[in-house]
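The values are calculated or read from the model by the stated rules, or taken from the named source; none is laboratory data. Just so we're clear, the structure is a prediction, and the values are computed from it rather than from any experiment. Using ideal geometry, Cβ is built from the backbone for each residue, glycine included, and neighbour counts are taken over all protein chains shown.
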Amino acid sequence: MQDWLNILVRSFALFFGVLVIVRIMGKRHPSRMAPFFHVVYTFIAITAALIATNIITNVVFGFIALGSWAVLMLLIDYAALKSKMAHDLVNGRETVLIKQGKIMEENLSQVRLTGEELLRELRAKNVFNLADVEFALMETTGEINVLLKSDKTPVTPHHLERRVAPQSEPQTVIYDGNILDEPLAALGLNARWVRTQLEKTGVALENVFIGQANSDGELYLDLFDDAVQLPQSKVKELLYAALEKSQADLTSFALETQNGQAKAMYQRNAERLKTVTENLRPYLLR
Amino acid sequence: MTVGSKVKQTLAELKGAHGTLQMYSAGTRDGEAKAAFDKAMAEVGEIIGDLEDRLRILESQEPQYKGK
């Protein structure tokens, strides 16, 4: 066999061979791998390159090396899935760098990290003030994760003691002027619903680039023609306003009437409407 | 404006709200939200009932203002 043909065949075979091996080895992100896995990937890459370029002349020997590393890697991966001990052996363990706001210097030197580097990593996590850190940990991948002191964590609705409506993921139901049936079915809607909604807003289907529907049955549209201003749906805000106005009306009726029985009825219903409005608030005003 | 027509206005507003609530209750896929809308709908429905009763009394008291 001629040399160039030899290299061509090897290259083709290895290209797809390595593709298969890497796909089998999983979806781990290269930057989030334990160092050992980097070594395995590098070995496979270099060996494949050496076989393909005919530096390792004996194809069988080359493939034995390549295959055994790939198989060993899969075996170790499987063991790590099944046993915590094997997992720790392969991936190593996390190292606590900051505990109760205090830097653990011994652990720092154990993972070969200087104070400057630690500060840099913290800054990368948007933590500029060491005083804000309660706990920090170096993951087995070398990434540093930070737990802030409880008074420095971002505010959530829970902190504000505010109820919020549950939210499920929106579905893309129109793409590039086409109605997508599968995501519509997931929401329990159909193409006719989309057409009605489009008619309501007065937009042609061809003009829609992306349309997303949420679990409340509201449709958000992005048009090709950006000059067109779409009317924003204000139904929920209007409903909330109507309920509040009715409540105010009932209160004023209660004040105006001379009839004791009617007064009590108006007052009672104004109170009820107030509770209703408060309960609906998270759903109507997001 | 008479008391009767004011009550009628509020009644109309509440009925509109009731309808919108019904729409959202039927449109939402989320069980919790649906329950909240249904509960609000029932409450508003009862308030509407009370107001209608009151309106009937008002109209019998002031028949000259009875609406169509």
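Looking at this structure, is B:Glu46 facing chain A (nearest Cβ under 8 Å) and out of contact with any helix residue (DSSP H, G or I) (no Cβ under 6 Å at 6 or more places or on another chain)?
Working: facing chain A (nearest Cβ under 8 Å): yes; out of contact with any helix residue (DSSP H, G or I) (no Cβ under 6 Å at 6 or more places or on another chain): yes.
When the stated conditions are applied, B:Glu46 passes them.
Right, A:Asn107: more than 31 Å from the chain's Cα centre (by Cα) and modelled with pLDDT under 90 or not?
Working: more than 31 Å from the chain's Cα centre (by Cα): yes; modelled with pLDDT under 90: no.
For A:Asn107, the condition - more than 31 Å from the chain's Cα centre (by Cα) and modelled with pLDDT under 90 - is not met.
Results for (1) assigned to a loop (DSSP other than H, G, I, E, B); (2) surrounded by 15 or more Cβ atoms within 10 Å (Cβ to Cβ); (3) aliphatic (A, V, I, L, M), shown as yes or no for each residue.
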| residue | (1), (2), (3) |
| --- | --- |
| A:Asn6 | no, no, no |
| A:Leu14 | no, yes, yes |
| A:Ile64 | no, no, yes |
| A:Ala79 | no, no, yes |
| A:Asp88 | no, no, no |
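Any idea which residue in the stretch B:1-28 is farthest from the other protein chains (Cβ to nearest Cβ), counting only those that are buried (at least 18 other Cβ atoms within 10 Å of the Cβ) and hydroxyl-bearing (Ser, Thr, Tyr)?
B:Tyr24
Kindly establish whether A:Leu180 is hydrophobic (A, V, I, L, M, F, W, C), modelled with pLDDT of 90 or more and over 22 Å from A:Glu121 (Cβ atoms).
Details: hydrophobic (A, V, I, L, M, F, W, C): yes; modelled with pLDDT of 90 or more: yes; over 22 Å from A:Glu121 (Cβ atoms): yes.
Criteria met by A:Leu180.
How about the stretch A:247-266: which of its residues are outside any loop (DSSP other than H, G, I, E, B) and more than 9 Å from chain B (Cβ to nearest Cβ)? Step through it out loud before you land on a result.
Keep residues of the stretch A:247-266 that are outside any loop (DSSP other than H, G, I, E, B), which gives A:247-256, A:260-266.
Once the filter is applied, which keeps residues that are outside any loop (DSSP other than H, G, I, E, B) and more than 9 Å from chain B (Cβ to nearest Cβ), the stretch A:247-266 yields A:Gln247, A:Ala248, A:Thr251, A:Ala254, A:Leu255, A:Gly260, A:Gln261, A:Lys263, A:Ala264.
Kindly list, by first and then second residue, each pair from a residue in the stretch A:1-13 that is assigned by TED's automatic domain parsing to the domain that holds A:Phe61 to a residue that is hydroxyl-bearing (Ser, Thr, Tyr), limited to pairs with Cβ atoms under 7 Å and residues at least 6 apart or on different chains.
Correct list of pairs: A:Ile7/A:Thr53.
Please count how many residues of the stretch A:90-102 are assigned to a strand (DSSP E or B) and loosely packed, with under 15 Cβ neighbours inside 10 Å.
Residues of the stretch A:90-102 that are assigned to a strand (DSSP E or B), as a first pass: A:95-99, A:102.
Subset that is loosely packed, with under 15 Cβ neighbours inside 10 Å: A:96, A:99, A:102.
Going through the stretch A:90-102 one residue at a time, the tally reaches 3.
Table: residues versus (1) surrounded by fewer than 11 Cβ atoms within 10 Å (Cβ to Cβ); (2) over 22 Å from the mean Cα position of the chain (by Cα); (3) of a type in the set (Ser, Thr, Tyr).
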{"residue": "A:Thr114", "(1), (2), (3)": "yes, yes, yes"}
{"residue": "A:Leu148", "(1), (2), (3)": "no, no, no"}
{"residue": "A:His158", "(1), (2), (3)": "yes, no, no"}
{"residue": "A:Gly177", "(1), (2), (3)": "no, yes, no"}
{"residue": "A:Pro183", "(1), (2), (3)": "no, no, no"}
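Table: residues versus (1) in contact with a helix residue (DSSP H, G or I) (Cβ under 8 Å, 6 or more places away or on another chain); (2) of a type in the set (A, V, I, L, M, F, W, C); (3) assigned to a loop (DSSP other than H, G, I, E, B).
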residue	(1), (2), (3)
A:Leu118	yes, yes, no
A:Ala131	no, yes, no
A:Thr140	yes, no, yes
A:Pro154	no, no, yes
A:Arg162	yes, no, yes
A:Ala165	yes, yes, yes
A:Ser168	no, no, yes
A:Thr172	yes, no, no
A:Pro183	no, no, no
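From the list A:Leu50, A:Leu118, A:Leu97, which residue is more than 33 Å from the chain's Cα centre (by Cα) and either of a type in the set (A, V, I, L, M, F, W, C) or more than 27 Å from A:Leu19 (Cβ to Cβ) (or both)? Even if it seems obvious, please write down each step before you answer.
On the way: A:Leu118 fails: more than 33 Å from the chain's Cα centre (by Cα); A:Leu97 fails: more than 33 Å from the chain's Cα centre (by Cα).
Exactly one residue qualifies, and that residue is A:Leu50.
Given the conditions (1) under 29 Å from B:Glu13 (Cβ atoms); (2) outside the structural domain of A:Gln267 (by TED's automatic domain parsing); (3) in a helix (DSSP H, G or I), report the number of the one that A:Glu244 does not fulfil.
So the condition that A:Glu244 fails would be (2).
Within the stretch A:184-195, can one find any residue that is closer than 30 Å to B:Gly45 by Cβ and away from chain B (no Cβ under 14 Å)?
Looking for residues that are closer than 30 Å to B:Gly45 by Cβ and away from chain B (no Cβ under 14 Å), one finds at least one in the stretch A:184-195, hence yes.
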